[in-house]
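The values are calculated or read from the model by the stated rules, or taken from the named source; none is laboratory data. Worth saying up front: this structure is predicted, and the values here are computed from it rather than measured. Because the Cβ atoms are built from the backbone with ideal geometry, glycine has one as well, and the counts that use them run over all protein chains shown.
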Amino acid sequence: MRLQKYLASCGVASRRRAEALIAQGQVTLNGQTVTRMGVLVAPGDEVAVAGQVVRPEAQKRYILYHKPVGEVTTAHDPQGRPAVLDHFRDFPVRLYPVGRLDFDSEGLLILTNDGDLTQRLTHPSHQVKKSYIARVSNHLGQDQLRQLRQGVLLDNRRTAPAQVRLLREDPFSCDVLITIHEGRNRQIRRMVEAVGHEVVRLKRVQYGGLVLGDLPRGQWRELSAREVALLDG
């Protein structure tokens, strides 16, 4: 098994993140630092990350968490802000978030120790759809909705076509359901800014075939086998 896949099977990180750990010189194989990709791990080999020996976790766990506003999804925050993983310090396996959800955003977050699934859900080639309800300042006109659907320029690169549906309007704001398959930094907020408005609240409600439903903020539950199959399909 290649080293980056071995690390993913240990629940250390996704394969992409495992590759970064290897490149940073944080991984050793039988006491020797490894910095190149593709090194093979044989039965009986000892692999360590930052000096800590890691082994594959036999039991894969899958968590749906309703992240509230005010928590980071990174494992460590230099500013000392509350983190999603603070709630899972005593969990029997090490969990890692699948992708990111901004500090100022809420909604569906998947946590797992299944690195292969994380890779499939986050790699751009798989184009996994994610849906968000965005509360937008003022109203979006038909031309602005069309721009969002067709794609807007972010960092000199056009976003992929999005599904956009107006849900509600009041005198000062509107709610829009936006579905994308990309994962650029703060993408929904920046897309709305590109058409002249601001997102004042953002909630992720669906990831692939998994929906948030009525799970309260700050609460979590384990996924059923059927839900895992939906994600893995």
Looking only at the range 177-229, which residues are in a helix (DSSP H, G or I) and over 19 Å from residue 99 (Cβ atoms)?
192, 193, 194, 225, 226, 229
Inside the range 161-176, the number of residues satisfying the requirement of being farther than 20 Å from residue 208 by Cα and either assigned to a strand (DSSP E or B) or aromatic (Phe, Trp, Tyr) (or both) is 8
Take the residues in the range 129-158 that are hydrophobic (A, V, I, L, M, F, W, C) and assigned to a helix (DSSP H, G or I), then tell me which one is surrounded by the fewest Cβ atoms within 10 Å (Cβ to Cβ).
145
Quick one: count up the residues across the range 61-76 that are under 15 Å from residue 12 (Cα atoms) and either touching a residue at least 60 places away in the same chain (Cβ under 8 Å) or touching a His at 6+ places or on another chain (Cβ under 7 Å) (or both).
2
Can you say whether residue 84 is of a type in the set (Val, Ile, Thr), touching a residue at least 12 places away in the same chain (Cβ under 8 Å) and over 18 Å from residue 114 (Cβ atoms), as far as the supplied structure shows?
no
Residue hits (the range 179-209; touching a helix residue (DSSP H, G or I) at 6+ places or on another chain (Cβ under 6 Å) and β-branched (Val, Ile, Thr)) are 195, 199
Before we move on, is residue 33 at pLDDT 90 or above, surrounded by 12 or more Cβ atoms within 10 Å (Cβ to Cβ) and of a type outside the set (D, E, K, R)?
no
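Could you grab me the full set of residues in the range 163-181 that are closer than 15 Å to residue 124 by Cβ and buried (at least 16 other Cβ atoms within 10 Å of the Cβ)?
Result: 180, single match.
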Tally time: how many residues in the range 103-127 are assigned to a loop (DSSP other than H, G, I, E, B) and crowded, with 20+ Cβ neighbours inside 10 Å?
3
Among the residues of the range 78-101, which ones are in a loop (DSSP other than H, G, I, E, B), surrounded by 14 or more Cβ atoms within 10 Å (Cβ to Cβ) and in contact with a strand residue (DSSP E or B) (Cβ under 7 Å, 6 or more places away or on another chain)?
95, 98, 101
For the range 193-200, indicate whether the set of residues that are under 25 Å from residue 82 (Cα atoms), buried (at least 18 other Cβ atoms within 10 Å of the Cβ) and either touching a residue at least 12 places away in the same chain (Cβ under 8 Å) or of a type in the set (Gly, Ala, Ser) (or both) is non-empty.
yes
